[in-house]
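Below is one structure, written out as structure tokens; the observations come after it.
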Amino acid sequence: MKFNYNPIPVLLAGLMIFSSCTKDFKEINTNPNSPEITNTEFLMSDVLLSTAYAYQENAVSRRPASAGRYLSLVRNTGYDLFAWGPVGWDDVYQRLAVNKTFMETAALRNENQYIAIGKIMKAFNFAYLSDLYGDIPYTQALKSKEENIIYPEYDRQQNIYPDLLKELAEANELLKGVTTEINAKGDVLYKGKALQWRKFANTLRLRMLLRIAKAYAPAFTEMQQILNDKTGFPVFESSADNAEIAYLGNLAAYSWPGGPLAMIDFDYLKTKASKELVDRLIVRKDPRLGIWIEPVKSTVGSTVDFNKYVGVPHAIDAPSAYNGGEDHQSVFSASFFRKNGGTSNPALKASLITYTELCFILAEAMQQGKITVPGESASSMYYKGIKESMGTYGVEATALSSGYYDQNIVKYDGTLEQVMTQKWLAMLFKGAEGWFDQRRTGFPAFVTGPLAAGRGIPKRYVFPDSESAKNNANYQKAIGVFGADQEYTLMWYLK
């Protein structure tokens with residue numbers, strides 16, 4: 001990803017009307033059959049699809065998948081060794097530029113329902129960008145056109161997050177009073193259901209508030225305010241509320257990133273299930289193991305691990321030769337994950353946030369004694385989170401009949417480690433959340449391999465090369481406040 005600060009969506013290029021040097025030039029050269037303002041519904045679907053699909057791709061085949069320790073790479077191991085270096089952010093800002101146009105267009109048309117959706121997507125994308133880097137251009141970003149700001153200053157993360165939380169609260173209020181319908185065809189996420197969008201906004205607020213709770217004093221108070229008023233602040237109530245988009249599976253752009261049509265660089269020969277994942281599933285006799293992971297082709301010839309399922313350790317020498325070679329290492333299930341989505345596997349969706357995640361968010365906060373939920377406890381929300389995940393993969397009945405929840409390692413024991421480990425399992429390939437939670441809480445506790453660069457799992461992305469090259473004055477000012485531009489420098493809410 002490479003970034004410049006003047007992203008003009010291609011879809012707008014043909015709609016620009018240039019100023020004239022004669023009185024009637026504009027009138028003469030305007031096509032009366034062509035709209036001067038791009039259709040808001042089209043812009044909305046563009047923003048939703050590009051955001052969801054890019055976020056999901058990151059979860060499967062990019063750095064977050066390695067940092068979350070779901071997979072181990074045995075070829076082209078740069079991601080896995082954490083030798084990341086600078087990472088571009090062009091794609092995220094381009095999505096935000098389209099979203100900005102979407103909101104501006106909606107404002108011109110007095111379409112509050114679309115302004116609200118734009119605020120939600122702005123919050124989601126900017127929060128993700130800040131979660132990856134820390135301090136980022138925010139207030140002055142995307143203003144090259146109207147204010148000629150080509151090289152924007154950076155904002156502090158502690159200022160960005162509260163503003164994004166405000167955007168989500170405003171979106172909820174706007175949608176509460178909206179009477180104009182949301183176009184169902186353009187709304188590829190919720191098919192025009194305003195209540196679902198409100199649930200998304202408030203559930204996202206809960207995720208973000210918990211994430212910054214260590215550094216943001218009002219976090220739990222604001223969480224409780226949401227939970228105290230179901231009418232004013234509706235949140236997810238089941239997996240039917242999930243913010244996720246299905247893959248049509250008919251073109252590469254509309255296919256699961258690990259499927260045959262959109263392999264990208266998620267090569268099943270080089271991508272192995274991690275030892276961290278496989279071992280935790282085995283010790284729990286977890287029925288998701290057989291859904292997610294393929295057994296080794298043979299145990300004959302294995303050298304260190306003779307199990308039916310074998311994960312590859314992190315950052316070791318010659319990982320492709322581990323345990324006797326590739327025939328003795330587990331890959332992710334081709335029968336489940338190596339599909340295009342759609343009818344080939346309806347369970348493969350681009351997920352932004354789910355009810356399963358919300359259950360664990362509430363379980364963690366309740367376990368700390370910071371919030372209450374009527375009729376629920378930390379224990380009940382913990383079990384709900386596991387059961388929702390099991391149901392997602394069609395093994396809920398198996399988990400019950402096999403006594404999964406009665407095992408000592410699964411039975412609720414009131415520890416953060418247990419809650420976060422189960423959440424980590426449930427968040428397999430659900431965005432970057434596994435990595436973000438692990439770096440925030442330290443759980444699951446991972447030991448990085450001997451060849452890993454740096455000091456354990458990275459805490460952030462390094463700013464793009466283009467920043468020090470083209471926006472150097474603001475870049476230097478930013479790192480003077482933020483700290484060294486390294487993978488292990490802690491951002492505000494992690495300190």
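Do any GluC sites (Glu not before Pro) in the range 194-248 lie in a loop, going by DSSP, with at most 15 other beta-carbon atoms within 10 Å of their beta carbon, and if so which?
Those that pass, being in a loop and sparsely packed, are GLU237.
Aspartates and glutamates within cross-link reach of LYS185: Cα-Cα under 17 Å, excluding same-chain residues under 8 positions apart?
Leaving aside aspartates and glutamates fewer than 8 places away in the same chain, those within reach of LYS185 are GLU41, ASP46, GLU111, GLU244.
How much of the accessible area of the range 416-465, probe 1.4 Å, is carbon plus sulfur, in whole percent?
Whole-percent figure for carbon plus sulfur exposure: 52.
Where the centroid of each part is defined by its Cα atoms, how far is the range 278-308 from the range 429-468 in Å?
So the two Cα centres are separated by 25 Å.
In Å, what Rg and Dmax follow from the Cα atoms of the range 171-289?
Over the range 171-289's Cα set, Rg and Dmax evaluate to 19.5, 53 Å.
Report the percentage of all Cα-Cα pairs in the range 372-495 whose separation exceeds 24 Å, rounded to a whole percent.
Numbers: 3646 of 7626 pairs.
Value for the range 372-495: 48 percent of Cα pairs lie more than 24 Å apart.
For LYS270, give me every one of the aspartates and glutamates with a C-alpha distance below 16 angstrom, ignoring sequence neighbours fewer than eight places off in its own chain.
ASP80, GLU294, ASP317, GLU326, ASP327
So with the 1.4 Å probe, I'd like the accessible area per residue for the range 265-336, rounded to whole Å².
Accessible area per residue, the range 265-336: 40 Å².
Pop out the Kirkwood hydrodynamic radius of the chain from its pairwise C-alpha distances, inverse of mean 1/r, in Å to one decimal.
Working: mean 1/r = 0.0419 Å⁻¹.
For the chain, the Kirkwood estimate is 23.9 Å.
Roughly how many Å is it from the Cα centre of the range 367-416 to that of the range 73-136, as a whole number?
Here the answer is 32 Å between Cα centres.
Can you tell me the 0 to 90 degree angle between the C-alpha axis of helix 157-176 and the longest principal axis of the chain, rounded to 10?
70 degrees
For the chain, what's the relative contact order in percent, using C-alpha pairs closer than 8 Å and at least 6 residues apart?
Once divided by the residue count of the chain, the mean separation gives 21 percent.
Measure up LYS214/LYS423; LYS166/LYS349; LYS166/LYS193; LYS349/LYS387; LYS272/LYS495; LYS166/LYS495 against 26 Å on the Cα-Cα distance and list the ones that go over.
Check vs 26 Å cut-off fails for LYS166/LYS349; LYS272/LYS495.
Please quote Rg/Rh for the range 216-353 to two decimal places, taking the Kirkwood radius as Rh and restricting both calculations to Cα atoms.
Using only Cα positions, Rg/Rh for the range 216-353 is 1.12.
Within the set of other residues whose C-beta is less than 9 Å from the C-beta of ARG207, count the net charge using Lys and Arg as +1 and Asp and Glu as -1.
Working: positive: ARG205, ARG211; negative: GLU357, GLU433.
Surrounding charge for ARG207 is 0.
P(r) for the range 265-336, please, calculated from all Cα pair distances in 10 Å bins and given in %.
22, 57, 20, 0
Which angle between 0 and 90 degrees, to the nearest 10, do you get for helix 416-426 versus the longest principal axis of the chain when only C-alpha atoms count?
Taking the Cα atoms of the chain, the angle to 416-426 is about 70 degrees.
How far is helix 112-133 tilted, in degrees, relative to the longest principal axis of the Cα atoms in the chain, given as a value from 0 to 90 rounded to the nearest 10?
Helix 112-133 sits at roughly 50 degrees to that axis.
Tell me what the chain gives for mean residue ellipticity at 222 nm when only DSSP H runs of n ≥ 4 count, each as -39,500 (n - 2.57), the sum divided by the residue total, rounded to 500 deg cm²/dmol.
-13000 deg cm²/dmol
The values are calculated or read from the model by the stated rules, or taken from the named source; none is laboratory data. Predicted model only: the values in this text are computed from it and were never measured. Methodologically, a virtual Cβ is constructed for each residue, glycine included, from the backbone with ideal geometry; neighbour enumeration extends over all protein chains shown. Each accessible area value is taken on the protein alone, full model and side chains, heavy atoms only, with ligands, DNA and RNA left out. Shrake-Rupley method; radii C 1.70, N 1.55, O 1.52, S 1.80 Å.
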